[in-house]
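Only the coordinates and a few stated rules stand behind these numbers; no lab work does. Worth saying up front: this structure is predicted, and the values here are computed from it rather than measured. Here Cβ is always computed from backbone atoms with ideal geometry, including for glycine, and neighbour counts include all displayed protein chains.
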Amino acid sequence: MLELNGDLTPPSRWRRNARVNAVTSLNTLAPSLAFADELAQRRAAFLTRLLPGDVAVLAAAPVHVRNNDVEHHHRQDSDFFYLTGYEEPECVAVFSRMEGAKPFTLFVRLRDPERETWDGPRSGVEGAQQDFRADAAFPMGELSHRLPACLENARRLHFALGRDPKIDAVVLASRDFVKRRQRLGVLAPSTIIDLSESLHSMRLIKTEFEMQEMRRACAATAEAHLVAMQSAFPGTHEHDVEAEMLRVFRKHGSPRPAYEPIVGSGPNATILHYRKNDRLMAEGDLLLIDAGAEIGFMAGDVTRTFPVSGTFTQPQRAIYEAVLEAQLAAIAIVRPGVTIEDIHQVTITSLATSLIALGLIEGPLDKALEEGRYKKFYMHRTSHWLGMDVHDVGSYFLPVDATTSATHARPLEAGMILTIEPGLYIGMRSEAPPEYLGIGVRIEDDVLVTETGSDVLTKAIPKAVQDIERVLAARAPRA
């Protein structure tokens, strides 16, 4: 196994905290002091984005039934976790800039010794205040009774409609209740504003704490990709490689992958969202792996493509180097002020130039770009935001001004993280020379925008042809 630089110790997000209840003693996970301070700073910054008289309501992610009485793995809603650090379901947070109101209120599940025996510990009302620093906390069962008072005389309500119909119904009914009391001199929020306006632009610029957690996620992801290179041989299945990567993720404290891994060999590498991961790999196959660890609710997102036999064939190498050249050119321009549109334009110009040189599309270059001839082999965009969600929040275009509907591409700023992931996919039914059929290549890295340029957070994973072949040549023989 190749050795990686970087701290791969488990995330410092949590500390073990014992709390004794009158009914039963409970060991619960509470935020570390550092993370609790980080959450407090986020909430303070969020509240400054609300106008005096505004109220924001955020709901936890609901639990979804998988089959019969078995539930899907619960992963907290990113917006809710970003401001609260609270991972339990069936909770609602209320943030208020009403005069005299509590700035941060949590409605949570009550402690329940019987349910905790089956499902694990709950923080309860006491833990919501003691560990998660809520200014006030109440049982979730009191939400419909107490929420109208939170909305009385509020000017605007910040709320994400459509995520959970049950919470939608409670919030809208509370607003209607307040509206019916207008004859008594009580005002109801006249406007409901999507949370993306007040919160998502915050999440787009990462704090130092988030950058640290992202580096952990990227380091675990890097080791997993190296392990994949060492474990993929002709005669092994795609899912064998996937299992090794998931083992590495878990070893470093990742509770789950950031998304369902793509482990596609041979012609499966040309399927963009291939997820069956069950093919037996053969001599001469390329293996495309798109997989990332989630640590501290931050998502790694990396793709590497390599030959399971150890060396690229000449056609494979030609396609691979075309993709790598485009990626390096795109990364080279990342800096504040550049836009994702600029990055995409550099990418498609490089790819189209290579495709023309290889005889896979017709030139000249300007016509190939104008007519999108490259799109039959490169059909997706080059970049997306990365953070708590693998396709993270934040608008890609901004309004030119308040008087028009025109928009412009959003300039990059220090603290943003984005992927750069060009690819070429030559399906078996493509109109291409036979030596190229079935070749799929994507190369993806996670890039932090800095004050002066960029930092490739996943640079520890080899991607130059000679480096990949050197790693593969050093593999222990398959047992």
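Fully extending the segment from Glu362 to Val456, taken as 0.36 nm per residue of separation minus the present Cα-Cα distance, adds 30.5 nm.
Run the numbers on the chain and let me know its relative contact order in percent, using alpha-carbon pairs under 8 Å that are six or more apart. This gives 13 percent for the chain. Between Glu283 and Leu437, the simple spin-label model (points 7 angstrom out along Cα→Cβ) gives 2.1 nm. Paramagnetic label reach from Arg478 (point 7 Å along Cα→Cβ; backbone nitrogen cut-off under 12 Å): within segment 273-288, residues 280-285. Coupling constants for segment 45-50 follow from the phi torsions by the Karplus curve (6.51 cos²θ - 1.76 cosθ + 1.60, θ = phi - 60°), and in residue order they are 5, 5, 5, 5, 7, 8 Hz; glycine and proline get x.
With 0.36 nm allotted per residue and the present C-alpha distance subtracted, the Arg146-Leu369 stretch has 74.5 nm of extension available. Taking the C-alpha atoms only, the angle from helix 340-357 to the longest principal axis of the chain is near 20 degrees. Given R0 = 45 Å, the distance between the Cβ atoms of Asp119 and Thr191 translates into a calculated FRET efficiency of 0.70. Rounded, prolate or oblate: which one fits segment 75-126, using the alpha carbon gyration tensor with axes a ≥ b ≥ c (rounded when a/c is under 1.5, else prolate when a/b beats b/c, else oblate)? Oblate, since a/c reaches 1.5 and b/c is not below a/b.
Could you state, as a whole-number percent, how many of the C-alpha pairs of segment 14-202 are farther apart than 21 Å? Taking all Cα-Cα pairs of segment 14-202, the fraction more than 21 Å apart is 51 percent.
Shape class for segment 205-473, computed from the alpha carbon gyration tensor (a ≥ b ≥ c): oblate, with a/c not under 1.5 and a/b at or below b/c.
The distance from the alpha carbon centre of segment 349-379 to that of segment 186-263 is 33 Å, rounded to a whole number.
Of all beta bridges that DSSP places with both ends in segment 14-202, some 60 percent have antiparallel geometry.
Sorting the segments 54-64, 142-152 by their mean number of nearby beta carbons within 10 angstrom, highest to lowest, gives 54-64, 142-152. Can you give the relative contact order of segment 195-344 as a percent, counting alpha carbon pairs under 8 Å and 6+ residues apart? Averaging sequence separation for qualifying contacts and normalising by length gives 23 percent for segment 195-344. In the chain, helices alone account for a calculated mean residue ellipticity at 222 nm of -10000 deg cm²/dmol, with every DSSP H run of four or more residues adding -39,500 (n - 2.57).
Which FRET efficiency, nearest 0.05, do Arg183 and Ala406 yield, Cβ-Cβ r, R0 41 Å? E(calc), rounded to 0.05, equals 0.40. Ordering Leu369, Gly300, Leu50 by the projection of their Cα atoms onto the charge dipole of the chain, which places +1 on the Cβ of Lys and Arg and -1 on the Cβ of Asp and Glu, puts Leu50 at the extreme positive end. Among rounded, prolate and oblate, which fits segment 151-200 when a ≥ b ≥ c are the square roots of the eigenvalues of its C-alpha gyration tensor, a/c under 1.5 means rounded, and a/b larger than b/c means prolate? Judged from the Cα gyration tensor, segment 151-200 comes out oblate (a/c at least 1.5, b/c at or above a/b). Among the GluC sites (Glu not before Pro) within segment 329-408, those in coil by DSSP and having at most 16 neighbouring Cβ atoms inside 10 Å are Glu362, Glu371.
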